[in-house]
Each structure stands twice: as structure tokens, then as C-alpha cells.
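This report concerns only the one structure given below.
The values are calculated or read from the model by the stated rules, or taken from the named source; none is laboratory data. From a predicted model like this one, the values you see are computed outputs, not experimental measurements. Note that each Cβ is placed from the backbone with ideal geometry, even for glycine, and that neighbours are counted across all protein chains shown. Areas reflect the complete protein model, heavy atoms only, side chains present, ligands, DNA and RNA absent. Shrake-Rupley method; radii C 1.70, N 1.55, O 1.52, S 1.80 Å.
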Amino acid sequence: MTPRERVTLDTIAAAAQVSRATVSKAINGRQDVSARTRRQILDLAEQLGYEAPTSAERSSPTITIVFDSLDTYYTNRVLAGAVAAAHDHGAILDVRSFNDRREAASDSWVRRIVAEGHLALIVVTMELSDAQIDAVHTLQLPVITVDPAQETPDGVLEISSTNWNGGMAATQHLLALGHQRIAFVAGPERSLPARERLLGFRSAMMDAGLDVDPTLILGNSFTYANGLRAGLTLLDIAPESRPTAVMCACDVSAIGVYEAARQHGLSVPDELSVVGYDDTFLAECAAPPLTTVHQALETMGARAVEASLDLAEDSTGTKTKRTIGSVKIPTRLVERASTAPPRV
């Protein structure tokens, strides 16, 4: 066989009608493949004359993934999905985090990863500066943003959840229970997902024929302190005017609202219904367990890695083009014990 005819994992995947990741798992002895599928793949590999690349031939593509922080449940779950996908596809994941705002906004590290031969760049919840956008365009570096903190620049692929749908579903749930005076604890104004969740809330209220009271929309971050501050302000309102339910842009802010309710001597959900967003472990551990919007964080990380590989040149110098345009991962409402009809 000539090098161009060499049997690859993609060749076996096409013959077996399975994914490349499944072939990789079977050949590498991973346990998350059925015995029947593994046998079929190994038999095909032998029939087709597959030869595993030598260490000298093996050149794993490297993908850089950048976070503004690694100390949240959200980032850890996105990273877990990205790591698993990189392993399945034989890629190396270079994980970076920036605490220095000037360094995070510079184009020097973008140019550095290109010089190091990295295949693509994944940016999670971070904002790309104008200099960085110019650099990736000039250097033709494929860039994928996950839950971007800005409108997605031209030529950059976006992966996120259906945040507008999630915000709307959560609000419709509260409306269906009979709540009309509903507050919203918002995330960072610069965050596109946070803005979409608020728009979903507004849309549901408008569809129900209810005005959105601007005094009931508070907050500006995805933090516990944000939820606590907003909750204390909202519950300081006179009982006849204060909200009977609060929707939060993230679970950790919802836990802050729980604490505000406790300090005011109010019971959740008997006297205040609360809904979160993300469906982190906090939602299940909360007392009472938190009703929230589930977003598939690990799937988002995995899709970002797969999109990086799709956008990069393969060994024949062609583009696979399986991932085109923005990718929206579906959300769903998870009902637990933090919501109930308002007291009459």
C-alpha cells in the first residue's frame, strides 16, 4: 500500500459503520465498548490490514482550551467532557487559565500556540480582544467559543446551550404554578448566555400578558454573593409587593437566594419558590433540592473538541466540514422541591 492508501481508524469506522471514537476505544482496549462491537472492529482491522502507527509516526494533534477560571463546577464539567473527547480522538488537550486580565486580552499567547503547532483554540466563557480576533484571522487558527462572553466574531464557531429556551421554560413553570410576581437574579451583563436567559424570562412573562417590573431584576454575576445580595434586596420589599418566586441565572446564585430567605425567616418553597440554572451538584444537594434548568456541560466540552478536529485539516489535507455554524445543545427543566404554588 502507498501511504495515501494506508488503513486508518477512519477507514475502519466507515467499514464498521461506527464512529472513529468507538474504533479507537476498541483498539485501545477501553471497557466502554460492547464485546460484540469490539470483536467486529478488531476483525475488520485485521481484514483490512490495519497497522498501528509507530511512536515515530504517531503525532497527536494538540488543542488549546482556555478558561477564565478553573475553580467552578461549570468549568470542571466542560473540561471533563473535553478531556474525554480528546482521549477518544487521540488528541492532546493543552489547558490554560488566565488570572491576569492584561495577559488574557493580549494576542501574544495566541501567536505562541500557533508557533507551537497547536491545531485549534477553544475559548470557554472568555471574551476575545480585538487584537486576538485579528491574530486568529491572520494566522488562520480555528477558534471555537463555548458560552461566549460576547457576540460571536465572524469566522468563529459557537457552542452553547439553548439558553433562551431554558429561561423561558423555567419561567413558564413558575407561571403554571400560579406565580405572577416573579423576580430574576441576573448574571454578568457582558455574558451572552446570561442575557439570553433573561430574554427567555422576559418572553415568557410577555406571553403570559404580565409586565416585567424592572425593580425585580437584580444582579450581575454568576456567584453566591450575587444571589444573596439580590435576594436580601428583593425580600426587603413589603410582603404585599415582594416576589413570590425568583428565577436565577445559575444554581450558585439560587443558593444565595436560599440564604436570603433563611435570614428573612421565609420557607422555600412554601413562602418563596426558587429556580436555578445549570443543574450542578448544588441543585441536588440543596435543602430543599433545587428546581433548575439542566444544560449538558460535558457534551458542550466534547462537541468543542470534535468541532476543533472537524475544522482542522486532516492527514490528506482536506476539510471534514462536519461542524458548520453555531451548535446549540438542548436544555431541559428539572423539577425538584424548591417550587410550589404561591400562598393565597
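Filter region 247-259 for residues that are in contact with a strand residue (DSSP E or B) (Cβ under 9 Å, 6 or more places away or on another chain) and either in a helix (DSSP H, G or I) or of a type in the set (D, E, K, R) (or both) and give the result. Break it down into steps so the answer makes sense when it comes.
Taking region 247-259 and keeping what is in contact with a strand residue (DSSP E or B) (Cβ under 9 Å, 6 or more places away or on another chain), we get 247-258.
Matches in region 247-259: 251, 252, 253, 254, 255, 256, 257, 258.
Please go through region 317-344 and pick out each residue that is at pLDDT below 95, open to solvent by 80 Å² or more (accessible area, probe 1.4 Å) and in contact with a helix residue (DSSP H, G or I) (Cβ under 9 Å, 6 or more places away or on another chain).
Hits for region 317-344 are 319, 321, 322, 324, 328.
Output the residues belonging to region 213-241 that are surrounded by 14 or more Cβ atoms within 10 Å (Cβ to Cβ) and aliphatic (A, V, I, L, M).
216, 217, 218, 228, 230, 232, 234, 235, 237
Please give the helices (runs of 4 or more DSSP H) falling wholly within region 1-91 in which 1 or more residues are basic (Lys, Arg), within 18 Å of residue 144 (Cβ to Cβ) and at pLDDT 80 or above.
Working: elements: 9-16, 20-27, 35-48, 73-88.
Result: 73-88.
Tell me, yes or no, whether region 90-100 has at least one residue that is within 22 Å of the chain's Cα centre (by Cα), closer than 20 Å to residue 188 by Cβ and buried (at least 18 other Cβ atoms within 10 Å of the Cβ).
Looking for residues that are within 22 Å of the chain's Cα centre (by Cα), closer than 20 Å to residue 188 by Cβ and buried (at least 18 other Cβ atoms within 10 Å of the Cβ), one finds none in region 90-100, hence no.
Contact list please: Cβ distance under 6 Å, first residue in region 25-36 and β-branched (Val, Ile, Thr), second residue outside any loop (DSSP other than H, G, I, E, B) and open to solvent by less than 60 Å² (accessible area, probe 1.4 Å), pairs at least six apart or on different chains.
Final answer for the pair search is 33/25; 33/26.
Conditions tested, residue by residue: (1) assigned to a loop (DSSP other than H, G, I, E, B); (2) among the β-branched types (Val, Ile, Thr).
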{"position": "194", "(1), (2)": "no, no"}
{"position": "200", "(1), (2)": "no, no"}
{"position": "228", "(1), (2)": "no, no"}
{"position": "237", "(1), (2)": "yes, yes"}
{"position": "241", "(1), (2)": "yes, no"}
{"position": "270", "(1), (2)": "yes, no"}
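Identify, please: which residue in region 272-316 is farther than 30 Å from residue 237 by Cα and assigned to a strand (DSSP E or B) and is, among those, most open to solvent (accessible area, probe 1.4 Å)?
Here is the first cut: in region 272-316, the residues farther than 30 Å from residue 237 by Cα are 281, 294-316.
Next, only the ones that are assigned to a strand (DSSP E or B) stay: 294-295, 313.
Working: 294: 47, 295: 4, 313: 124 Å².
The residue in question is 313.
Yes/no per residue for (1) more than 15 Å from residue 333 (Cβ to Cβ); (2) polar (S, T, N, Q); (3) free of Cβ contacts under 8 Å to residues at least 60 places away in the same chain; (4) touching a strand residue (DSSP E or B) at 6+ places or on another chain (Cβ under 8 Å):
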site	(1), (2), (3), (4)
234	yes, no, yes, yes
245	no, no, no, yes
273	no, yes, no, yes
279	no, no, yes, yes
285	yes, no, yes, no
296	no, no, no, yes
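Mind checking whether some residue in region 144-152 is assigned to a loop (DSSP other than H, G, I, E, B) and either at pLDDT 95 or above or among the polar types (S, T, N, Q) (or both)?
Filtering region 144-152 for residues assigned to a loop (DSSP other than H, G, I, E, B) gives 147-152.
Narrowing further to those that are either at pLDDT 95 or above or among the polar types (S, T, N, Q) (or both): 150, 152.
Among the residues of region 144-152, at least one is assigned to a loop (DSSP other than H, G, I, E, B) and either at pLDDT 95 or above or among the polar types (S, T, N, Q) (or both), which makes the answer yes.
Residue 179 - would you say it is within 22 Å of residue 77 (Cα to Cα), in contact with a strand residue (DSSP E or B) (Cβ under 8 Å, 6 or more places away or on another chain) and not in a helix (DSSP H, G or I)?
Considered against the rule, which asks whether it is within 22 Å of residue 77 (Cα to Cα), in contact with a strand residue (DSSP E or B) (Cβ under 8 Å, 6 or more places away or on another chain) and not in a helix (DSSP H, G or I), residue 179 comes out as no.
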